[in-house]
1. Being at positive phi and aliphatic (A, V, I, L, M) is the filter here, so list the residues in the range 41-85 that pass it.
2. Taking the range 31-49 on its own, how many of its residues are open to solvent by 70 Å² or more (accessible area, probe 1.4 Å) and either farther than 14 Å from M77 by Cα or touching a strand residue (DSSP E or B) at 6+ places or on another chain (Cβ under 7 Å) (or both)?
3. Mind checking which pairs have a first residue in the range 31-45 that is part of a helix (DSSP H, G or I) and a second that is surrounded by 14 or more Cβ atoms within 10 Å (Cβ to Cβ) and among the aromatic types (F, W, Y), Cβ under 9 Å, 6 or more apart or different chains?
4. Any residue in the range 78-87 that is within 30 Å of S9 (Cα to Cα) and touching a Cys at 6+ places or on another chain (Cβ under 7 Å)?
5. If I filter the range 50-70 for residues that are open to solvent by 40 Å² or more (accessible area, probe 1.4 Å) and in contact with an Asp or Glu (Cβ under 6 Å, 6 or more places away or on another chain), do I get at least one hit?
6. Scan the range 3-54 residue by residue and report those that are of a type in the set (V, I, T) and closer than 14 Å to I67 by Cβ.
7. What is the residue count in the range 6-30 for residues that are open to solvent by 100 Å² or more (accessible area, probe 1.4 Å) and in a helix (DSSP H, G or I)?
8. Would you pick out the residues in the range 86-102 that are out of contact with any helix residue (DSSP H, G or I) (no Cβ under 9 Å at 6 or more places or on another chain), open to solvent by 90 Å² or more (accessible area, probe 1.4 Å) and not β-branched (V, I, T)?
Amino acid sequence: MIDLQDKNSCPSIEEISEYVRNPVFMEFCSEIRNTYQCREKMEYSSCSWEKGWNIKFKKAGKTLCTIYPRESYFTVMIVIGAKEKASVEALLPESTVELQKIYEQK
């Protein structure tokens, strides 16, 4: 089993998939790769909020999203840039209250 806190051992996408143990993980990664024509990059984060290895999808030097792997599931932080802001905010009233609260915490 991989240790996501071990800064000296960068895991592969396959190792993270085994750790997550959720078929949606690889489907999500594949969809991001194909839709945005980008590749994933493993990065070690030292920030206090989420220390450890995570996966970033970037295009043209900008982060599209960051995946935080967990046992049996994963969390995705989506980056909403200036271009996307109006479209996202137009969809918010149709979203769940929980998602609206998360967005407002920006």
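1. If the condition is that a residue be at positive phi and aliphatic (A, V, I, L, M), then A60 is the only one that fits.
2. Qualifying residue count, the range 31-49: 9.
3. I32/F57; R33/F57; Y36/F57
4. Yes, the range 78-87 has at least one match.
5. Yes: the range 50-70 contains one or more residues that are open to solvent by 40 Å² or more (accessible area, probe 1.4 Å) and in contact with an Asp or Glu (Cβ under 6 Å, 6 or more places away or on another chain).
6. Across the range 3-54, the qualifying residues are I13, I16, V20, V24, I32.
7. Number of matching residues: 3.
8. Selection gives L91, E94, E98, K101.
The values are calculated or read from the model by the stated rules, or taken from the named source; none is laboratory data. Since the structure is predicted, the reported quantities are computational estimates derived from the model, not experimental observations. In this analysis, Cβ positions are derived from the backbone assuming ideal geometry, glycine residues included, and neighbour counts consider all displayed protein chains. To get the accessible areas, we keep the full protein, side chains included, count just its heavy atoms, and leave off ligands, DNA and RNA. Shrake-Rupley method; radii C 1.70, N 1.55, O 1.52, S 1.80 Å.
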